[in-house]
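Here's the structure, in structure tokens; my notes come after.
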Amino acid sequence: MTLPFIDLQDVHKAYNVHRGVFRAGKLLHAVSGVSFRVPEGSTFGLVGESGSGKSTIARMVLGAEAATSGEVRVAGQSVATLDRKQRFQLRRMLQPVLQDPYSSLNPRIRVAAIVDEPLRVHRVTEHGQSLKDRVAQLLEQVGLSAETMRRYPNELSGGQRQRVAIARAISINPRCLVLDEPVSALDVSIQAQILNLLKDLQERLRLTYLLISHDLAVVSYMSDQIGVLYLGQFMEIASREDIIANARHPYTQALMAAVDSTIGEEVGRVGNAVQGEIPSPLSPPSGCPFHPRCPMAEERCRREKPALRAFGPSHQVACHFAESTR
Ligand code: SF4
């Protein structure tokens, strides 16, 4: 069996939140017992509302934050045990693409210097190629002309900026991209173009993707496996096909109802979108974390936390009544 490229086992992340001089600190559980594996060359999509723990998981995978407990492994190595040199090598294998191309690119630096910076930091050159030729090749790979290298980010459209950010991310031949809301700042008409570019690059460069989005349509368009997060816990994990045709958790069904883009047309817009706000992770609900917003909640849901249960070889659901939710 091939090793997964990313492997999280029972990962927890808690922050001590200080609440003023006279009040004791409180633990904020951002991620609670998350496990999943991402085989090399595949896409795992993490979906959930803001505050569900998606970005915290991404930061732990990137080595920017340490797990409180559990294990995060990347390319077979435990991230917690890496020394400085190994962390530098990890950064070469794993590159982030962030949400907002308006703020993630320095407006005072020309595109050429933005794209070639990782090449200079990691001292990567391709077969004697000059930096300029490599930048031109990278821009061409993401659908931009070589002339773009002379321009500043504010001279580009949102879609072009995100293409520059992707060119920069693939410049040092990473094995994996961590895509944190890669299209949420873009017009809907541009979103599909960027997602198709990412799909095309994945195939050509054999990349592994960890994709983070609040939009189930985006995640289901891109992903092989999908994990639905709520208050730092998985509500449902399944293949893309099972999520589209056989979603069992009321929260997944509510996310499907909230889909409002034309991406991922297969995602059925059934049922009602989730009402109300996600509770604060500082005072999570008892029992099932989703019970205050769940239209199917019963007394048992308030008392007893549901375990993730298997509903097929790669389908798990955390709901007491998952048998009768469809
Ligand atoms: Fe809703 Fe209860 Fe299932 Fe939680 S366990 S999702 S509250 S029905």
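The values are calculated or read from the model by the stated rules, or taken from the named source; none is laboratory data. Just so it is clear, the model here is predicted, and its values are computed rather than measured. Backbone-built Cβ (ideal geometry, glycine too); neighbour counts: all protein chains shown.
Below, the figures for the structure above:
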| item | result |
| --- | --- |
| Search result, residues across segment 233-245 that are part of a helix (DSSP H, G or I) and within 25 Å of Leu8 (Cα to Cα) | Arg240, Glu241, Asp242, Ile243, Ile244 |
| Residues satisfying the stated conditions in segment 166-185, i.e. touching a helix residue (DSSP H, G or I) at 6+ places or on another chain (Cβ under 6 Å), surrounded by fewer than 21 Cβ atoms within 10 Å (Cβ to Cβ) and modelled with pLDDT under 95 | Ile172 |
| Answer residue from segment 303-326, given it is among the aliphatic types (A, V, I, L, M) and near the ligand (Cβ under 8 Å from one of its atoms) and is farthest from Val228 (Cα to Cα) among those | Ala322 |
| Yes/no for Arg23 being farther than 28 Å from Met222 by Cα and among the basic types (Lys, Arg) | yes |
| Glu155 being over 20 Å from Gln193 (Cα atoms), surrounded by fewer than 19 Cβ atoms within 10 Å (Cβ to Cβ) and of a type outside the set (Val, Ile, Thr) | no |
| Condition met for Val47 (in contact with a Lys or Arg (Cβ under 8 Å, 6 or more places away or on another chain) and free of Cβ contacts under 8 Å to residues at least 60 places away in the same chain) | no |
| Segment 295-324 residues that are over 19 Å from Phe36 (Cβ atoms), paired with ones that are assigned to a helix (DSSP H, G or I) and within 10 Å of the ligand (Cβ to nearest atom) (beta carbon under 8 Å, 6 or more apart) | Pro295/Pro250; Met296/Pro250; Ala297/His291; Cys301/His291; Arg302/His291; His320/Arg300; His320/Cys301 |
| Selection count where residues are within 7 Å of the ligand (Cβ to nearest atom) and in a loop (DSSP other than H, G, I, E, B), scope segment 281-302 | 6 |
